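A quick write-up on the structure given underneath.
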Amino acid sequence: MSELRSRGFSKLDVYLVLKTLKPDAKLEYLLSPGELDLINRVNAMRIESIE
């Protein structure tokens, strides 16, 4: 992770890349509370659009 951060990736960028590669991984510890809230809101919108 530190290599990606040193190349200019944010924690949110790293989270999204890793979550794409390993969808079942528990990576929420990488995010700030605000970033986690954003992810949760996007996921809720995604679920609503499917229903």
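The values are calculated or read from the model by the stated rules, or taken from the named source; none is laboratory data. Just so you know, these numbers come straight off a predicted model, no measurement behind them. Glycine also receives a Cβ, built like all others from the backbone with ideal geometry; neighbour counts cover every protein chain displayed. Areas reflect the complete protein model, heavy atoms only, side chains present, ligands, DNA and RNA absent. Shrake-Rupley method; radii C 1.70, N 1.55, O 1.52, S 1.80 Å.
Looking only at region 23-51, how many residues end up being within 11 Å of the chain's Cα centre (by Cα) and charged (D, E, K, R)?
4
Return the pairs, sorted by first residue and then second, in which the second residue is open to solvent by less than 100 Å² (accessible area, probe 1.4 Å) and aliphatic (A, V, I, L, M), the first residue lies in region 19-36 and is under 17 Å from PHE9 (Cβ atoms) and in contact (Cβ under 8 Å) with a residue 40 or more places away in the chain, the beta carbons are less than 9 Å apart, and the residues are 6+ apart or on different chains.
From region 19-36, no pairs qualify.
Out of (1) open to solvent by less than 80 Å² (accessible area, probe 1.4 Å); (2) outside any loop (DSSP other than H, G, I, E, B), the odd one out for ARG46 is which?
The number of the failed condition is (1).
In region 1-42, which residues are in contact with a helix residue (DSSP H, G or I) (Cβ under 8 Å, 6 or more places away or on another chain), outside any helix (DSSP H, G or I) and open to solvent by less than 60 Å² (accessible area, probe 1.4 Å)?
ALA25, LEU27, LEU31, SER32
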